[in-house]
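Below you'll find the structure, written out as structure tokens, and then a few comments.
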Amino acid sequence: MKKRHSISFLLAVLTAIAIIVPSLLVILFSSEEETADKPKKQTPESALQEPALEVAVFRATSKQTETFPLEEYVAGVVAAEMPAEFEKEALKAQALTARTFIVKQMMNGKTTNGGEAHVTDTVNHQVFKTKEELKKIWGSDFNWKAKKIDAAVKETAGQIITYDGTPITASFFSTSNGYTENSEDYWNEPLPYLKSVTSPWDETSPKYSSKKVLPLAEFEKKLGVSVKAGTEAGTITARTSGKRIAAVEIGGKEFSGREVREKLGLPSSDFNWVLKGGNVIITTKGYGHGVGMSQYGANGMAKEGKNHKQIIAHYYQQTKIEDAESFVKEKVTAKK
């Protein structure tokens, strides 16, 4: 009996093995095939970021060219060009002008310091300061100022101002006389988006009006004229759409308002003057060339609740805010 039971048990075991083993083999190989056929997890394209676009800046003090990531450069320009105390929406508008300027500049390739740099860090292009330089300038205010400006730059990252599919000449200045200037009235270059608009907010700017006193002899020397003491120093013969001086006659010679401004070092080309006691007392309104966005005007708009898009639309007529990526990839990268 024991022998028969043993044989029956052995047969049962063998039968089980015959059934189970093939099943295990099928499962095993099926699993391997599924693993082999299943596509491997792909790295998202967004994770394969190209190196940040870099701006080559010629530093006026060190006489060296340094490179900075685009958005870091933009932050350094906003910090140097506009007071951090200004409204955030005004800072965002400034970030857009700064980024637009440098993208347009980079599209032309490296044109400064013998072809080594895109721009200088001076008013010849855009004033730029590094974080280290700003720490020295701002002192204990550095943290909150840097944080505020970085946020404004981040919230407009990658965006520029365009007209008809091209980055604009994003000119800006400090303070208007109540109006901005047509580009052709200052630069002799008509641009459809740089037209005179009202800017009443500027009256609160500390730079809205100023006086300058020049000895008559210095006045005559700088302009290359001779003015008889006790008579009128000149006559304004024409004004621009922006209420600045288009033409003025002084000592028998005719000048443009820009010429007088530059020769006498005046803050604006909206000026009046009187002769008094051997001196010429000159009163000006506004600060800067007057073309494009007024910084104090932008801040005034922001205080009234206007956002950066509304500020840009006011000072740069018929423009759009677009992603700079296509301009950077197609034209800037090719000229690096």
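Any read-out appearing in this document is the output of simple, stated calculations on the displayed coordinates, not a laboratory observation. Computed from a prediction, not measured in an experiment: that's the story for all the values here. Note: ideal-geometry Cβ built from the backbone for every residue, glycine included; neighbour counts use all protein chains shown.
Indicate the gyration tensor shape class of the stretch 137-227 (rounded, prolate or oblate), computed on the Cα atoms with a ≥ b ≥ c the square roots of the eigenvalues: a/c under 1.5 is rounded; otherwise a/b larger than b/c is prolate and the rest oblate. It comes out oblate by the Cα gyration axes. Computed from label points 7 Å out along Cα-Cβ, the spacing between Lys212 and Ala247 is 2.4 nm. When the pairs Lys104/Lys320; Lys212/Lys285; Lys131/Lys329 are compared against a 18 Å limit on Cα-Cα distance, Lys131/Lys329 fall above it.
Sort 209-220, 87-98 by packing, meaning the average of other beta carbons within 10 Å per residue, with the highest value first.
Values: 209-220: 15.3, 87-98: 26.1.
Per-residue mean Cβ counts within 10 Å order the peptides as 87-98, 209-220.
Exposure proxy ranking for Arg59, Arg258, Arg99, based on other Cβ atoms within 10 angstrom of each Cβ and starting from the fewest, stands as Arg59, Arg258, Arg99. With an 8 Å Cα cut-off and a minimum separation of 6 or more residues, compute the relative contact order for the stretch 124-266 in percent. Here the relative contact order equals 15 percent.
Amide H to amide H distances under 5 Å link Asn182 with Ser196, Ser241, Gly242, where only residues 5 or more positions off or on other chains count and H is placed in the peptide plane. Computed from backbone phi, the HN-Hα couplings of the stretch 283-293 come to 10, 10, 10, x, 8, x, 6, x, 9, x, 8 Hz, rounded to whole numbers (Karplus: 6.51 cos²θ - 1.76 cosθ + 1.60, θ = phi - 60°; Gly and Pro given as x). From the residues Ser226, Gly252, Thr283, which one has its Cα farthest along the dipole of the stretch 224-318 in the positive direction, the dipole being from +1 and -1 charges on Cβ of Lys/Arg and Asp/Glu about the Cα centre? Projecting each Cα onto the dipole axis, the largest value belongs to Thr283.
The distance from the alpha carbon centre of the stretch 219-279 to that of the stretch 104-145 is 35 Å, rounded to a whole number. Across the stretch 77-90, rounded Karplus estimates of 3J(HN,Hα) from the backbone phi angles (6.51 cos²θ - 1.76 cosθ + 1.60, θ = phi - 60°) give 6, 4, 5, 7, 9, 10, x, 5, 6, 5, 4, 4, 5, 5 Hz, Gly and Pro being marked x. Based on the reciprocal of the average 1/r between different C-alpha atoms, the Kirkwood radius for the stretch 209-285 equals 12.3 Å.
Close amide H partners of Arg59, meaning residues 5 or more places away or on another chain with modelled amide H under 5 Å apart, are Gln64, Thr65, Glu66.
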